[in-house]
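The values are calculated or read from the model by the stated rules, or taken from the named source; none is laboratory data. Since the model is a prediction, treat every value here as computed from it, not as a measurement. Please note: Cβ atoms are built from the backbone with ideal geometry, for glycine as well, and neighbour counts cover all protein chains shown. Ligands, DNA and RNA are stripped out before the accessible areas are found, and what is left, the full protein with its side chains, is counted by its heavy atoms. Shrake-Rupley method; radii C 1.70, N 1.55, O 1.52, S 1.80 Å.
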Amino acid sequence: MPPVWTQSCRTGTCDRWSGAGAGPGIWSRHPISEETEHMGFVLNMVSVRVHKPDQRPFTVVAAHPLPPWPRPQTTTWSQEMGQVRDILQGLRGRGEPVIMGADLNATYDHAQFRALIGEGYNDAAEQSGAGVLRTYPADRWWPPVLGIDHILVSGAAAVNAEAVDLPGSDHRGVVAEIDLNAPDDYSGSD
């Protein structure tokens with residue numbers, strides 16, 4: 001089966017792209033093009049260009065760098081975070097909005113994550129005023145304590161963000177409302 005196909009969604013048909021490997025995928029109710037699987041990741045990183053009617057095109061990215069723990073794989077995680085940064089900068093250089101949803105296995109305590117948001121990207125939760133969204137672990141008797149799942153935005157603005165339960169997952173999801181017409185220095189707190 002080809003890596004891109006159409007399937008039913010609640011709102012009609014969806015274009016889906018997940019690349020050839022395991023890991024994240026992208027579903028869109030709007031037409032997509034430029035489906036790309038970015039190579040060099042243990043799991044995968046994919047991106048598509050979305051064509052929303054009466055709106056300028058924008059890029060959506062899904063990523064899941066290999067976690068640095070519990071196995072000693074911090075070198076791989078760090079290398080993959082560097083690749084994520086480089087790819088995001090390349091996409092940002094196109095002059096169109098970029099939205100990335102990712103399990104980065106990273107918090108603000110990680111320099112690699114701070115480098116992503118220090119180079120033209122905003123964390124949707126922070127930008128919208130939601131604060132740190134704790135997403136992991138979500139399958140324990142205690143609440144999630146780490147915010148390792150993020151939506152990053154460039155060339156647009158997050159006006160709302162929240163963590164949501166995903167039954168059966170060890171993570172909570174992050175959902176954000178993105179204004180593609182707002183300047184990316186918008187602060188949702190005003």
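Here is how the numbers come out for the structure above:
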item: Check on Pro72, surrounded by fewer than 22 Cβ atoms within 10 Å (Cβ to Cβ), touching a helix residue (DSSP H, G or I) at 6+ places or on another chain (Cβ under 7 Å) and not β-branched (Val, Ile, Thr); result: no
item: Residue within segment 52-65 that is touching a helix residue (DSSP H, G or I) at 6+ places or on another chain (Cβ under 8 Å), open to solvent by 50 Å² or more (accessible area, probe 1.4 Å) and on the phi < 0 side of the Ramachandran plot present; result: no
item: Filter result (touching an Asp or Glu at 6+ places or on another chain (Cβ under 9 Å), free of Cβ contacts under 8 Å to residues at least 40 places away in the same chain and assigned to a helix (DSSP H, G or I)) within segment 60-93; result: Arg85, Gln89
item: Residues satisfying the stated conditions in segment 1-46, i.e. modelled with pLDDT under 55, open to solvent by 70 Å² or more (accessible area, probe 1.4 Å) and part of a loop (DSSP other than H, G, I, E, B); result: Met1, Pro2, Arg10, Thr11, Ala20
item: Residue check for Asp86: surrounded by fewer than 22 Cβ atoms within 10 Å (Cβ to Cβ), modelled with pLDDT of 95 or more and touching a Ser or Thr at 6+ places or on another chain (Cβ under 9 Å); result: no
item: Of all residues in segment 116-130 being at pLDDT 95 or above and not hydroxyl-bearing (Ser, Thr, Tyr), the one that is surrounded by the fewest Cβ atoms within 10 Å (Cβ to Cβ); result: Gly129
